[in-house]
Every structure is written in structure tokens, then in C-alpha cells.
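The next block holds one structure in the form of C-alpha cells; read it before the comments.
Just so it is clear, none of the values below were taken in a lab; they were calculated from the coordinates. Not measured: the values here are computed from a predicted model. Cβ coordinates were reconstructed from backbone atoms using ideal geometry, including for glycine residues, and neighbour counts include every protein chain displayed.
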Amino acid sequence: MKRQIVTIDEAKCDGCGDCIPGCPEGALQIIDGKARLVSDLFCDGLGACIGTCPKGAICVEEREAEPYDELRVMEESIIKGGPNVIAAHLEHLKQHGEEGYLQEALAYLREKGIESPLEERSNVKAAEDDVCGCPGSALMHFRKNGNAENQTESTGEQKSELTQWPIQLHLVTPLAPYYQGSDLLLAADCTAFAVGTFHPAFMKGKSIAIACPKLDTGIDRYVEKLKAMIDHANINTITVVIMEVPCCGGLVTIVQQALDKASRKVPVKRIVIGVRGEVLDEEWI
């Protein structure tokens, strides 16, 4: 895939190392007297190192490179650097408005039991709101009422089966607690409007993410997030619910690409919905 990534002019670089602290992700190292980009995977392309180079040897260009992987950066580089490196990395993401990466990093720290240097209060949700500044994308895990089914039977009101927020795939954090060991429902946006009984028919007992393979941008990020759910959140199964229209099949392709890149394999069920809301096809693939 093409993305923004740093490039180094060897002729200008004198190996001073001033750029190294500016890259807490660990993408740069001094090797044989020159600054080297040691991993496309770890370079976020935001260019924090550029301003620290006294020789002007570093710039950003668009070229073919591996997709940036926040979870792998945290695991293989940031955590090993200790609290100061963790703080620098989180501040780096915050200052560049990378809220998606920032939430992934915060969720990783929580999973590993590591306190975030940016959190000024012990309450995790409050700290996330302070850091991310976007209440609409703050993680929420709803606890289901134990007698919800009885209430539905007695009142005739259909209770929501939603147990989390957010649900849009660009906004979700793969390491959020509600994905851990769950059965994932990946639904095309339109399906919930086509099926009148969508909640009890498809959502009950599942974590959820929604996406539109035709209109959404950043499909590569979708692949990486699903890969993280498979490898790091250890989801059990994926149920992909799509519409019968041809473009909707792209959601299945995204899942297959994630499975190809993941180290784990999980069962995948495809459910195709007709434009009138009926189930046209259902199979494990």
C-alpha cells in the first residue's frame, strides 16, 4: 500500500543522532554512522523527526510501505522503552490528532496493566475523555439487565442488544474489553435498516462493528483492526452480515484479507440479506 513515510538522504546525514529521540516508535536507528529507517511498519509518517535534523536530511514522501501497526509498535518498541518513551509516544499521537491510534495505545496499556503517563486521574474513562477530547468515540461497555427478556415479553417492547460503544469500525479499539474472547458481528451499515428484527436475530450475545466497503475510506485500516481482533483480542468467530448488492461482498473480502495476515484462524459465517430484509444465504466459509 502507498502511505506517507520518512526518507533519509545519506549524503546529508552525518549520524549525529538528533533524530532518534524524535522517533519514540523506534523506526530510526544509527547504523554504520548514518540514520536508518529500520522498519516501515513502525514509521507513522507524521514527521516528528524532521525538525530535529540539523542537516535537513529527513523528509516525508509517499511510497509503497507496510501498513503502520500501532499494536505492534506498542508491543515491540514503546513498552520496552519505559514510562518516558510511552509518554512521548502518547503525546506524539495526541498532538497530531491521531485519536484512533491513541485509543489503541491506551487500550493496550490497560490490557497489560500499565498505567498511562497521560492519565491524571485513576478513572480510565475520564482520562480517555481528557486525552482524546471526543466523547463520541469514548469506549463504553453496557451491562445487560438480567431480566431484559422478561421485560420484552411483558411489555412487547424490543430491547436493544447493543452492549458497547463505539461500533463504527474506524472508531473501535481492537483491544477493547468487549472484544476479548467474543463472537464478532461485522455488519454492513444497511443491514440493520433492512431487517426489522436485527437486534435479536444477529446481535444477541455478540460484540459488533459496522462498515461500508463501498463508501468508507481507509479499508487497509479495517484489515489491520480485524487482524488485531483475531490475534490480540482472541475473538472466537466472525459473522459477516451483508446486503445482496454486489459491492457489499467487499466486507467479506476485508475479513479474508485480515485472516490471511493473522497468525490465528477463526471460523467465519457469511449471511446475505435481501433488500426486503429476508435472509437469502447463510453459510460458514
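Looking at region 140-284, send over the antiparallel percent of its DSSP beta bridges, to the nearest 5.
Rounded to the nearest five, the antiparallel share is 30 percent.
Shape of region 207-285 from its Cα gyration tensor (a ≥ b ≥ c, root eigenvalues): rounded if a/c is under 1.5, otherwise prolate when a/b > b/c, or oblate?
oblate
Give me the net charge for the shell around Gly274: Cβ to Cβ below 15 angstrom, other residues only, Lys and Arg +1, Asp and Glu -1.
Cβ neighbours under 15 Å give a net charge of -2.
Along each of its three principal axes, how wide is the spread of alpha-carbon positions in region 44-121, in whole angstrom units, largest first?
Extents along the principal axes, in whole Å: 39, 27, 23.
Give me P(r) over region 140-284, computed from all C-alpha to C-alpha distances, binned every 10 Å, as integer percentages.
Final binned percentages: 12, 42, 35, 10, 1.
Less than 20 Å apart at the alpha-carbon level, and either on another chain or at least 8 residues along: which lysines does that give for Lys80?
Lys112
Among the lysines, which have Cα under 26 Å from the Cα of Lys204 when same-chain residues fewer than 8 positions away are ignored?
Excluding near neighbours in sequence, the set is Lys125, Lys144, Lys159, Lys225, Lys227, Lys265, Lys269.
What span do the alpha-carbon atoms of region 2-64 cover on each of the three principal axes, reported in whole Å from largest to smallest?
Principal axes ranked by extent give 29, 20, 20 Å for the Cα atoms.
Sort region 201-243 into rounded, prolate or oblate with this rule: let a ≥ b ≥ c be the square roots of the eigenvalues of the Cα gyration tensor; rounded if a/c is under 1.5, and if a/c is not under 1.5, prolate when a/b is larger than b/c, oblate otherwise.
oblate
Ordered by packing density, taken as the mean number of other Cβ atoms within 10 Å over each peptide's residues, highest first, how do 169-176, 16-23, 250-257 rank?
169-176, 250-257, 16-23
Any idea how far the Cα center of region 160-221 sits from the one of region 233-285, in Å?
Centre-to-centre distance over Cα atoms comes out at 12 Å.
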